[in-house]
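What follows is one structure encoded as structure tokens, with my remarks underneath.
The values are calculated or read from the model by the stated rules, or taken from the named source; none is laboratory data. Predicted, not measured: the structure shown is a model, and the values here were computed from it. Every residue, glycine among them, receives a Cβ derived from its backbone with ideal geometry; neighbour counts consider all protein chains shown. Please note that ligands, DNA and RNA were not included when accessible areas were found on the heavy atoms of the full protein model with its side chains. Shrake-Rupley method; radii C 1.70, N 1.55, O 1.52, S 1.80 Å.
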Amino acid sequence: MAEIKVPELAESITEGTIAQWLKKPGDYVEKGESICELETDKVNVEIMAEESGVLQQLLANEGDTVAVGQAIAIIGEGAASAPAASEAASEPVDETETVMPADRAEQQTPQPVAVAQAPSQRPIASPAARKMAREKGIDLTQVPTADPLGRVRKQDVASFAAQPAAAPQPAPQTAPTPAAVPAAEAGKPVIREKMSRRRQTIAKRLLEVTQTTAMLTTFNEIDMSAVIDLRKRKKDKFFEEHDVRLGFMSFFVKAAVAALKKYPYVNAEIQGDEILLKKYYDIGVAVSTDEGLVVPVVRDCDRKNFAEIERDIAELAAKARSNKLSLADLQGGTFTITNGGVFGSLLSTPLLNGPQVGILGMHSIKLRPVAIDEERIENRPMMYVALSYDHRIIDGKEAVGFLKTVKDLIENPEDLLLES
């Protein structure tokens with residue numbers, strides 16, 4: 001018999017939430033095989049078995065918070081078999097396994113099942129049902145089900161959530177008076193969702209940034225004509241040679257690196273009463289996922305060409321959207337670039353990604369009339385850009401100069417190639 005424990009993840013991560021059990025008691029697991037998915041503040045990681053054997057017991061349920069080093073399951077020797085009936089009430093069951101005869105289903109009326117009598121007991125439910133209940137803050141013991149074995153399915157949770165009474169009620173001793181109930185909840189339909197661990201961490205960090213930095217933002221606009229023309233002319237050949245598409249992000253990464261070299265305090269960090277000037281250029285590129293915004297880091301951008309940067313960005317974005325990012329992918333960035341333009345944003349004020357002191361915001365490219373000289377006006381593809389910076393160590397002159405350098409290089413991509 002051996003315990004499976006939550007492994008050391010990173011210095012800043014001390015606990016996580018069991019998002020999903022991938023194995024159930026009675027299953028045989030090989031050494032190195034994943035048994036559960038753990039949601040942490042930064043990424044989802046899979047916990048693997050350190051030896052082969054039969055999964056004897058689960059010591060934590062889906063949705064439970066577990067600490068690093070805590071035992072979450074027991075594995076031992078023996079033949080693989082289905083979990084005993086006594087264990088079934090505490091283990092997740094795949095909702096696709098339930099097949100009910102039609103005549104029996106018609107006679108059955110939805111009502112709470114016997115196995116979920118006591119709130120302290122964990123009802124039988126599919127992983128999908130548990131996930132939805134956790135997100136909506138619903139107690140599974142209160143969800144009626146028509147299943148003859150009492151198994152709660154995803155559709156049962158969805159139906160329960162649609163009822164006005166599905167929202168969790170506060171304890172009687174702390175119930176607010178009618179006057180204190182928000183107007184939106186006074187007899188009107190609402191949905192109450194529990195914030196995921198990652199969303200809570202994002203909220204906490206962004207609040208800390210606004211409270212602990214002297215953040216300002218400066219703006220400029222870039223004529224994208226030259227880059228668009230260069231990209232049209234070179235994108236097919238670029239793809240043939242490098243098997244990766246040439247996007248706009250690599251141009252901005254290379255321009256940002258050149259500007260950081262010229263204005264080194266934008267590539268710095270405050271540590272106590274000291275300024276740490278970083279002579280390397282690991283650029284974070286913000287990626288939107290279903291779980292929230294993450295910022296994987298492209299390493300050593302000053303040493304990489306356009307193809308290498310585009311390839312790294314594509315790989316990191318794919319890993320982010322499939323929850324495959326490692327902690328190493330997210331740590332150690334020196335400067336961040338975020339592109340709200342992919343969602344249609346025309347102008348925004350990006351928040352710093354602490355402890356970094358600068359972040360560049362890209363936006364939508366829009367045709368706008370531009371004065372060429374005193375007599376001519378032309379429609380040009382223009383992009384607003386924003387630099388948010390920590391005014392404690394970066395003066396306005398440096399911030400404006402940084403953004404002007406980025407603008408000049410993007411508008412003259414030949415110069416950017418020389419800088420590279």
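Listing for the model above:
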{"item": "Rounded Å value of the spacing that divides the Cα centres of the range 1-75 and the range 192-241", "result": "34 Å"}
{"item": "Karplus 3J(HN,Hα) series, Hz, for the range 223-240 with 6.51 cos²θ - 1.76 cosθ + 1.60 (x for Gly, Pro)", "result": "7, 8, 4, 5, 5, 4, 5, 4, 5, 4, 6, 10, 5, 5, 5, 4, 5, 4"}
{"item": "16 Å cut-off, amide nitrogen to a point 7 angstrom out along Phe219 Cα→Cβ, residues in the range 339-357", "result": "340-341, 344-351"}
{"item": "Dipole magnitude of the range 199-415, debye to nearest 20 (Cβ charges: Lys/Arg +1, Asp/Glu -1, about Cα centre)", "result": "400 debye"}
{"item": "Net charge of neighbours whose Cβ lies under 12 Å from the Cβ of Ile228, counting Lys and Arg as +1 and Asp and Glu as -1", "result": "+3"}
{"item": "Per-pair calculated FRET efficiency, R0 = 41 Å: Gln155 and Asp300 via Cβ, rounded to 0.05", "result": "0.25"}
{"item": "Within-13-Å neighbourhood charge of Ser52 [Cβ basis; K, R +1; D, E -1]", "result": "-4"}
{"item": "Radius ratio Rg over Rh of the range 199-415, counting only Cα atoms, Kirkwood formula for Rh", "result": "0.96"}
{"item": "Whole-number D in µm²/s for the range 1-74 (Stokes-Einstein; Kirkwood sum over Cα pairs; 10 °C, 1.306 mPa s)", "result": "131 µm²/s"}
{"item": "Gain on full stretching of the segment that runs from Ala328 to Glu46 - 0.36 nm per residue minus C-alpha separation", "result": "100.0 nm"}
{"item": "Surface accessible to a 1.4 Å probe, per residue, for the residues of the range 1-74, Å²", "result": "46 Å²"}
{"item": "Residue-count net charge about Ile372 - beta-carbon cut-off 14 Å; Lys, Arg +1, Asp, Glu -1", "result": "-3"}
{"item": "Intensity falloff of the range 300-420 expressed as log10 I(q)/I(0), Debye formula with alpha-carbon point scatterers, at q = 0.15, 0.17, 0.22 Å⁻¹", "result": "-0.92, -1.17, -1.54"}
